[in-house]
Amino acid sequence: MVNSLTAEENIIDKWVTIEIKMFSTYTSCWFIRKVICWRAAASIAWAVLLLPPTTAIFVILSKFSLFHPIRTITECLSLLTSASAIFSFILLGGVIIMVGFLFLEYHTVIPNIACSKIALFGQLFHPRQFVISLAHCLMGMIVGWCCAVTTGFRYETLAYSCAQSDGHPQMCLNEYHLMFLLAGAFVGFSHSLLGVIHNMNYVSFHAVEQYKYLRFKGSLGLVVKCSISQAFYSVRNFIVLYFFLGYIPKPWICKTLNLQLDSSVNPLDSIAGLLDLSLLYHLWISATYLLFMWYITLLLFRIFVSEVYSFPVQSSFTEDAHQCLPKVLTDKQPMILKFLALQDLALLSQHSPSRRSEVFSLSQPGGHPHNWNAISNECLSLLADLTQRLVAYHETVATNGRAKSLSSGSERKTSSETSVTSGIEDVMSPKPVFLMKTPASVFARSIAGDPQSPLTAPFTPDLDSPFASPAMRRLTAPVEQGSPWYGTVQSPHIMRRAPKLWSTSTGSQVNGSPPPSPASVPSPKQEPSKPSFLAQFLQNRKEQVKNFLAKRVLIMYLFNKLPEASSQALFADSQAHIWALEGLSYLVQASFSEDQFGVVQTSLPSILSSMLLLQEAVDRHFKLPHASSKPVRLTSSMGDSSYKTLRFALRATIKTAIYRITTTFGGHLNAVHVSAEHRKRLQQFLEYKE
Amino acid sequence: MKMCSLALFPPPLPSGQTTLCESNNELLSGRNSTERLTQDSSPLSLHFPRESLKLHSRTESSSKAAFLDHSETLWMRSAAAWRDGGLTGLLDEITTSHSEVPKWLSVTSGCILALLRWASSFHSSLFPHLTLSSEDMIAEFSQALNWSDCVVRAFAWHPHTDKFTVALLDDSIKIYNPKSATTPTLKHRLQRSVAAVQWKPLCASALAVACQNCLLVWHVDPCSLSTRPSSGCAQVLSHPGHSPVTSIAWSPSGSLLVSASPVDTAMMVWDVAAESCVPLQRVGGGGVTFLSWSPDGSQVLASTPSALFRVWETRMWTCERWPCVKGRCQSGCWSPDGSRLLFAVQGETVIYALTFTGVPAGVSTGTSKGPQAAAVVADLSETTFNIPDGDIVVGGEIQSLAWDPRGERLAVLLKGDPQAADRPAIITVFKTRTNPVFELLPCGFVQGEPGVEPRLMQFHPNFRHGALLTVCWSSGRITHVPFYFLSTAIPHVGLSGSPSLPHPQERAADFASQSLFTELIS
């Protein structure tokens, strides 16, 4: 037991060091230090500056009385200028800075999409997430305290002097104040959990670029609406929770602070106590105020960070060379830098003839088109990477779909023959390596209570386990194959296999003949040498299967892939590909008249063929049975869900990009060397028949 | 200075003659019978007789009145009223059924209703167009002349190929392609009162349709043999408060679509693939009626129902306000390089020009240096011509403007007066030159059969031998008038070939030598 604990600690230690290392490399990048940090600081500063007007509105709303409007205003004014208000401002400013810092630390341009329920739970119960939630709880409680103090009235203090039955004055617990504190903590906690579910940390980039002020003005209405509705739901949930569990914190607080419970006042965790409209209103207003502040911070952060940054195409000084576009594009980390560079590429190719001419220029001396080569190679490798990912996914799904239909058929027919074929199918499936990594085996360990594997297994960042989100694996795994997303290819693959394996084993269980379990198949050599081990192993497996059967509904619920999510995860970073396609196609279009040295001509065949290959792969993906052909209607919430429609945008962009090239070059494309199949496709494009 | 441009034009054709084409610098005409033969032989000339269309005899609301049955409960009726008429409908329902509801409720709802009506009447006194029904609003702001009576309500050439689409009075849309035997007919539950259609540039299949309640984007596979694509091929784009849609415009790069509604003060910029939109809100003007994207993609003209229009630059989406003196901007068109905007104002008989000299490029300088004031380039006030049949008066207010993609011919559809027989609606064509200076020269009138007026017109986006003007007539006929000329601006590339007609000889007509407008270079 001690051993396992130390092992666990080791893993956590390693994890923490990796994270710290990641963060230090993150901050060591010049771009993060010089640009992103300043942008974040500016956004936080604006959020803090917006604090006084927001607070003023909150005070007016919380103190408003219909019959004494003038008195309300004078009261509010005197309150806002008092010392306690200034102290509150300092506290709230600290909270906003903390919230902003958390956004800066955990923002991402590639959304973290959970492909199954269990992956989502893995994200929610991740230790890091736990710390963040705790921080949000604390900050919510601070805001709750500020709200209670500002509202004044009966909410102001935690203790008040009350007369006991014997007439002896005592300090009693003010339950209203306690409720404000707990409500703040609850709203903060639910905010952080919803942030994970709705990908609140995701920073998206808009197709329509506007000035920061106009974007802020345009989104303000949404922020108000979202904070009001979210506050309503949070307060509702909190009240239900408090009604059932309110008896726990009260005596505890009383005991620690040596306070009494006033028996003459209605307790608030009763129906009569909660049916206090004024209390509900104040709770709701306070929750709205809290969420509004945080959402505004989030909105400002997103607007500032996603602002266009103009990189120089080439620099005359060698020390600035690492800041130039061709160099920056090829950087793997940080992602935000790569995204902003690609955005800048797409914009310069579209709008700026002078910067385009720098791209087409030749190096001096030497006469090599280094800029163009670096840019086009990077864009092409991005496109090729996505194509490869799509093809791999398609292969997996295609083989899996066939096997799945067979195994479900075996359940119906209950013939051992079919189940055997499906087992063979498993063995013969193209990547048997993944069979070892099925979530079932990981989960089996933890459920069987194997002493060597602690129950916390799913919650530790086990790199091989499917609970690790693609992003986590990406962060920790060394960058493979020259592509930062190599790891993501595997995740849908693994997840897809899980339900099939278990359906196979249930089918065999019905037949009564213990079949070779999938995990044992890849090691048939052990069979003659250690029969006793195998028997024991099979026995264990049987036990596990029994365990699973009991919990099968839950397992299926947890491990079943969410149909949309795998497609979304596959295209999670497609904004980069969209910009690469746009940048390339506009540059090629401009090269028709602007490229003096013909540098683009040399790479035209590879550009065309990689675009056509990608188009084919994307079209095949949309023909998969589970792929929806139309984007889902986006709901307006603070979690930016634009990543859900990226694949549709990508599909449209590829077509437009190819048409842009074919329309510009027209019949000249017949002189470009491409394969016969691609020539046929290009002919279709030239005739506008795609 | 009063300059009357139309006086320099050759007189209109006598009754019975129709314009066929322009060749050798003059417009050729023919008798009806010969014209009919030549026109019908062309595969793209179409005729939609009014009688052939199955029309809705009644609108939905009027048919509802015929079947109205008051035996439903109050709750059901209230729910229905809420669904159909929103808050005002619900309040109206409660107020009218005062025998069934408590007195205080009916009185309260009556008071709220009166208050709402007072507020809305105040609002609509500022913006009178808000009192119109949505059909009337489309008719008022459409580019088609007398839209509600049009058999062909909207027309659009594909930007790259020889196919076009027509929206008909019966709310169906047909796609014609000379290279294909099938003519797909598009019908959709939401496709009502089509105000405009436009093909997506750099795409073979996507067609945007502005409807009464929403925007539809059809994806019609050009290789498909189906004549009735299912409504699953259409994307529905809608935004609360953004209907009816009266104008749409695709960006020339095919990435964005903007849509306008006279009711909504925000102009919507759609990312069609993602079905998401960004509202660009500007309060003044009370709505947006007409949109036109400049061919180079850098600017968008957006006119409002008030005497105000805006020119948006599309880099950072900021706008310039252009207040007009008299009325709203009725129509506008851009020169091919996007540097010059011609527009017409309601209530005036002149064409104005705005010249944008600044280059709106580069990331840092987002705004272009615009002009200070619009210049009058043509005066189309009424002019009387003596023709053998009697006097004919040409001129007046302008319905729409169209500039051919090479910038050499400008077609102006004049409203005329439907009551007076001697003041017909007519298309006036100018010769234009944009390089080195902007010049406007008279060309002639395009006329159809007697008693038939032009309703809609559009230039073919890539006609090789000059310009091709497609006109939709009130009879339901669609004809194409070619203007054969050698382009001065664009050097002829070997691929495009030379015009098939004989080259114009050096025999300029007397009229053509007199320039109407020449820009002064300061």
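Selection of first residues in the stretch A:205-226 that are in contact (Cβ under 8 Å) with a residue 60 or more places away in the chain and of second residues that are buried (at least 16 other Cβ atoms within 10 Å of the Cβ) and small (Gly, Ala, Ser), restricted to Cβ pairs under 6 Å at least 6 apart or on distinct chains, gives the following pairs, ordered by first then second residue: A:205/A:306. Of all residue pairs spaced 6 or more apart or on separate chains, those with beta-carbon atoms under 7 Å, a first member in the stretch A:349-367 that is without any contact (Cβ under 8 Å) to a residue 12 or more places away in the chain and a second member that is of a type outside the set (Asp, Glu) and crowded, with 20+ Cβ neighbours inside 10 Å are A:351/B:315.
Can you find, within the stretch A:173-225, the residue that is farthest from the other protein chains (Cβ to nearest Cβ) among those that are surrounded by 16 or more Cβ atoms within 10 Å (Cβ to Cβ) and among the charged types (D, E, K, R)? If we take residues in the stretch A:173-225 being surrounded by 16 or more Cβ atoms within 10 Å (Cβ to Cβ) and among the charged types (D, E, K, R), then A:175 is farthest from the other protein chains (Cβ to nearest Cβ). Could you list all residues from the stretch B:159-184 that are farther than 23 Å from residue B:138 by Cα, within 14 Å of another protein chain (Cβ to nearest Cβ) and out of contact with any Ser or Thr (no Cβ under 6 Å at 6 or more places or on another chain)? Passing the criteria: B:159, B:160, B:161, B:162, B:163, B:177, B:178, B:179, B:180.
In the stretch A:676-690, how many residues are more than 9 Å from every other protein chain (Cβ to nearest Cβ) and either within 22 Å of residue B:162 (Cα to Cα) or among the charged types (D, E, K, R) (or both)?
Here the count works out to 7.
When residue A:630 is tested against (1) facing another protein chain (nearest Cβ under 8 Å); (2) crowded, with 18+ Cβ neighbours inside 10 Å, exactly one condition is not met: (2). Applying the condition of being of a type in the set (Asp, Glu) and over 22 Å from residue A:203 (Cα atoms) to the stretch A:299-347 and asking which residue is farthest from the other protein chains (Cβ to nearest Cβ) yields A:319. When the stretch A:348-375 is limited to residues that are of a type in the set (Ser, Thr, Tyr) and in contact with a Pro (Cβ under 9 Å, 6 or more places away or on another chain), the one that is farthest from the other protein chains (Cβ to nearest Cβ) turns out to be A:363. Against the list (1) closer than 28 Å to residue A:651 by Cα; (2) away from chain B (no Cβ under 14 Å); (3) without any contact (Cβ under 8 Å) to a residue 12 or more places away in the chain, the condition residue A:381 fails is (3). Between A:621, A:673, the distinction of being away from chain B (no Cβ under 14 Å), assigned to a helix (DSSP H, G or I) and modelled with pLDDT under 95 belongs to A:621 only.
Every listed requirement among (1) in a loop (DSSP other than H, G, I, E, B); (2) surrounded by 19 or more Cβ atoms within 10 Å (Cβ to Cβ) is met by residue B:421 save one, (2).
Residues that are more than 14 Å from chain A (Cβ to nearest Cβ) and at pLDDT 90 or above within the stretch B:265-292 comprise B:287, B:288, B:289, B:290, B:291, B:292, listed in sequence order.
Quickly run through the stretch A:336-369 and pick out the residues that are charged (D, E, K, R) and surrounded by fewer than 19 Cβ atoms within 10 Å (Cβ to Cβ).
Scanning the stretch A:336-369 gives a single hit, A:358.
The set of residues from the stretch B:164-192 being more than 21 Å from residue B:46 (Cα to Cα) and either out of contact with any strand residue (DSSP E or B) (no Cβ under 8 Å at 6 or more places or on another chain) or among the charged types (D, E, K, R) (or both) comprises B:189, B:192. When restricted to residues that are assigned to a loop (DSSP other than H, G, I, E, B) and under 19 Å from residue A:197 (Cβ atoms), the stretch A:626-649 contains 10. Suppose we filter B:336, B:305 for residues that are crowded, with 21+ Cβ neighbours inside 10 Å, touching a residue at least 40 places away in the same chain (Cβ under 8 Å), more than 14 Å from every other protein chain (Cβ to nearest Cβ) and part of a loop (DSSP other than H, G, I, E, B); which single one remains? Sole residue among the options that is crowded, with 21+ Cβ neighbours inside 10 Å, touching a residue at least 40 places away in the same chain (Cβ under 8 Å), more than 14 Å from every other protein chain (Cβ to nearest Cβ) and part of a loop (DSSP other than H, G, I, E, B): B:305. Within this structure, residue A:573 fails the test of being under 21 Å from residue A:674 (Cβ atoms) and of a type outside the set (Gly, Ala, Ser). Give all pairs with beta carbons closer than 7 Å in which a residue from the stretch A:634-653 that is more than 10 Å from every other protein chain (Cβ to nearest Cβ) meets a residue that is among the aromatic types (Phe, Trp, Tyr) and in a helix (DSSP H, G or I); count only pairs at least 6 apart in sequence or on separate chains. Here the result reads A:638/A:295, each pair linking the stretch A:634-653 to a residue that is among the aromatic types (Phe, Trp, Tyr) and in a helix (DSSP H, G or I). Can you find even one residue in the stretch B:228-237 that is more than 14 Å from chain A (Cβ to nearest Cβ) and either surrounded by 20 or more Cβ atoms within 10 Å (Cβ to Cβ) or modelled with pLDDT of 90 or more (or both)? Yes, that holds for at least one residue.
For the stretch A:531-580, the set of residues classified as at pLDDT 85 or above, aliphatic (A, V, I, L, M) and touching a Phe, Trp or Tyr at 6+ places or on another chain (Cβ under 7 Å) consists of A:570, A:572, A:576, listed by residue number. Being farther than 23 Å from residue A:646 by Cα, in contact (Cβ under 8 Å) with a residue 12 or more places away in the chain, hydrophobic (A, V, I, L, M, F, W, C) and part of a loop (DSSP other than H, G, I, E, B) is true of residue B:283.
Residue-by-condition table, conditions (1) within 23 Å of residue B:237 (Cβ to Cβ); (2) more than 14 Å from every other protein chain (Cβ to nearest Cβ); (3) touching a residue at least 24 places away in the same chain (Cβ under 8 Å):
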{"position": "A:582", "(1), (2), (3)": "yes, no, yes"}
{"position": "A:588", "(1), (2), (3)": "no, no, yes"}
{"position": "A:612", "(1), (2), (3)": "no, yes, yes"}
{"position": "A:663", "(1), (2), (3)": "no, no, no"}
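Tell me whether the stretch B:195-208 contains one or more residues that are within 24 Å of residue B:226 (Cβ to Cβ), touching an Asp or Glu at 6+ places or on another chain (Cβ under 9 Å), modelled with pLDDT under 90 and within 14 Å of chain A (Cβ to nearest Cβ). The answer is no, given that none of the residues of the stretch B:195-208 is within 24 Å of residue B:226 (Cβ to Cβ), touching an Asp or Glu at 6+ places or on another chain (Cβ under 9 Å), modelled with pLDDT under 90 and within 14 Å of chain A (Cβ to nearest Cβ).
Residue count for the stretch A:566-612 under the criterion of being outside any helix (DSSP H, G or I) and among the aliphatic types (A, V, I, L, M): the result is 1. Of the residues that make up the stretch B:424-436, is at least one under 30 Å from residue B:51 (Cβ atoms), at pLDDT 90 or above and in a strand (DSSP E or B)? Yes, because at least one residue in the stretch B:424-436 is under 30 Å from residue B:51 (Cβ atoms), at pLDDT 90 or above and in a strand (DSSP E or B).
The values are calculated or read from the model by the stated rules, or taken from the named source; none is laboratory data. Note that the coordinates shown come from a computational prediction; the quantities given were computed from them, not determined experimentally. As a convention, Cβ positions derive from the backbone with ideal geometry for all residues, glycine included, and neighbour counts pool all protein chains shown.
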